[in-house]
Every structure is written in C-alpha cells, then in structure tokens.
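Engineer: This is the structure, below, for whatever I ask next.
The values are calculated or read from the model by the stated rules, or taken from the named source; none is laboratory data. Remember, predicted model here, so these are calculated numbers, not experimental data. Here the Cβ positions follow ideal geometry from the backbone for every residue, glycine too, while neighbour counts run over all protein chains shown.
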Amino acid sequence: MPEEEKGRTRRKEDLPEPEETPERKEKAEPASPPGPTTTAAKGKASGAASEGGAAPSEPTQKEKEETEELPAPRRPELDPESRRLLAVRGNANRRRPRFVRQQSHRYLRIARRGSWRAPKGVQSKQRRHYGYRPTVVSVGFRGPRKVRGRTPVGFVPVLVHTTRDLDGVEPAREIAVIAGGVGTRQRLILEQAARQRGIRVANPVLREEREE
C-alpha cells in the first residue's frame, strides 16, 4: 500500500493532540461565582448605564391632570323654578294620551312605524274630534317652555362631534350627546375626554357600573 493511502487510513486516536492555547484554557476553566467585588462592579456598571441612558422620569403635574378623571355630576344644578316646572312636565307626561294615527288598526305598515300624521279628510271623524276616535295632537299637551327638551333629570343636552365641542359644555347643567354619525373609535376618544373634564355623556359606549 502506498504511503498516501496509509495516511488516509490512520484513525483519529492515532493523531497527535493539538496544543492548548491560552484562549482554549480560558474557555475550559469554569466561571468563578460572583464575589463582593464582581457585584460592586456590576452595580457601578448599571449605574453608569442608567446615567448614560434615558431613565424613566416621573410624570409631570400637567400629565397627571390630563390623565386624571373628574367625577361627573349625576344631577344638574337647578333653581327652584326649574325644579317646579320639571315636576309639572312629569305630571303632564303621565296624563298625556297615546296619539294613534288614523287607520293604524287597519294597516300594519302605519302602526309599526309609530309616526304621527294629522288627519286631513273632509269627513274624517278623528279630525272633527269625535269622542269614539283617537285623540288628535294639539298645543295643550306640550310641557313648559323653560324646561322643554331637557332630560328627565334636568340636564340640557349638547350635541358633540369632536373634542373641541366639549370645551363649551358646562358639566354642572349640561350633558353631552355624541352624534349618531361618529364612529366607535372616535366615540371612545370623546368619552375619555369627557371623563377627564367631568362631563356626563348621555349615550356612552361603555356604561358605568351603578353604585349600590
């Protein structure tokens, strides 16, 4: 067998072991447990890193005021006259009859909508206020003008589209009503802004839990 083939067939064990270099010695040595000197050095390094890097700063007074939520009043501030008129309106609402449209008992499409149209027929018994026909809408069934359009509690509703509209709302006597064309994402932003200003929202997405 030639010498080249003999060299190829030599086993791994017969090869001479490589000399240990200082780099291999360092890798082979086990890491020593951290002593007092190493922990102190680590503390210094972490302190230097925190000084050099951006440390988490405490929130400023302005940021705290922006994130802080003010309690919204449950009832408005009313003068005695407004309270009396709200009571009068409540009594009028209880006495007010249900206005039924003419021939709503015959056509389901009219009864289902629940809308009101005044009867205009020449021989209409409802228009002529016959007693066996439903009551017709008239001016005597309205509430007091001063409290007209208010909520049952007495808040004045204010239509809101953006956060700029909340700047003119008075939390003590007005309530915000989010417009129907506003999307869910913008509604949540408006509700958060209203809570920060202490304004009550009449139609919120997130309902508050009632206090027991």
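Engineer: Among the residues of the range 130-178 satisfying the criterion of being of a type in the set (A, V, I, L, M) and in contact with an Asp or Glu (Cβ under 9 Å, 6 or more places away or on another chain), which is nearest to ARG96 (Cα to Cα)?
Structural biologist: Going through the qualifying residues, I end up with VAL156.
Engineer: Of all residues in the range 161-212, count the ones that are more than 24 Å from ARG83 (Cα to Cα) and aliphatic (A, V, I, L, M).
Structural biologist: 11
Engineer: Look at PRO204 and say whether it is under 15 Å from the mean Cα position of the chain (by Cα) and either in contact (Cβ under 8 Å) with a residue 12 or more places away in the chain or in a loop (DSSP other than H, G, I, E, B) (or both).
Structural biologist: So PRO204 passes the test.
Engineer: While we're looking at this one, here's another question. Can you tell which of LEU78, LEU70 is surrounded by 14 or more Cβ atoms within 10 Å (Cβ to Cβ) and under 32 Å from the mean Cα position of the chain (by Cα)? Can you show your working first?
Structural biologist: Details: LEU70 fails: surrounded by 14 or more Cβ atoms within 10 Å (Cβ to Cβ).
On inspection, the qualifying residue turns out to be LEU78.
Engineer: Out of everything in the range 176-200 that is touching a residue at least 40 places away in the same chain (Cβ under 8 Å) and in contact with a Lys or Arg (Cβ under 8 Å, 6 or more places away or on another chain), what residue ends up being surrounded by the fewest Cβ atoms within 10 Å (Cβ to Cβ)?
Structural biologist: Checked the range 176-200; the qualifying residue surrounded by the fewest Cβ atoms within 10 Å (Cβ to Cβ) is ARG200.
Engineer: Continuing with this model, one more query. Would you point out the residue of the range 100-134, among those that are surrounded by fewer than 14 Cβ atoms within 10 Å (Cβ to Cβ) and touching a helix residue (DSSP H, G or I) at 6+ places or on another chain (Cβ under 9 Å), that is nearest to PRO152 (Cα to Cα)?
Structural biologist: ARG117
Engineer: Taking the criterion of being over 22 Å from GLU69 (Cα atoms) and in a loop (DSSP other than H, G, I, E, B), would at least one residue in the range 159-177 satisfy it?
Structural biologist: In the first step, residues of the range 159-177 are kept if they are over 22 Å from GLU69 (Cα atoms); the result is none.
No.
Engineer: I need a count of the residues in the range 172-185 that are within 25 Å of GLY149 (Cβ to Cβ) and out of contact with any helix residue (DSSP H, G or I) (no Cβ under 6 Å at 6 or more places or on another chain). Lay out the reasoning, then the answer.
Structural biologist: The initial filter retains those residues of the range 172-185 that are within 25 Å of GLY149 (Cβ to Cβ), namely 172-182.
Right, trim to out of contact with any helix residue (DSSP H, G or I) (no Cβ under 6 Å at 6 or more places or on another chain) and you get 172-175, 177, 179-182.
Total satisfying the criteria: 9.
Engineer: For the range 57-115, please list each of the helices (runs of 4 or more DSSP H) lying entirely inside it that holds at least 3 residues being at pLDDT 90 or above.
Structural biologist: Qualifying helices (runs of 4 or more DSSP H): 80-95.
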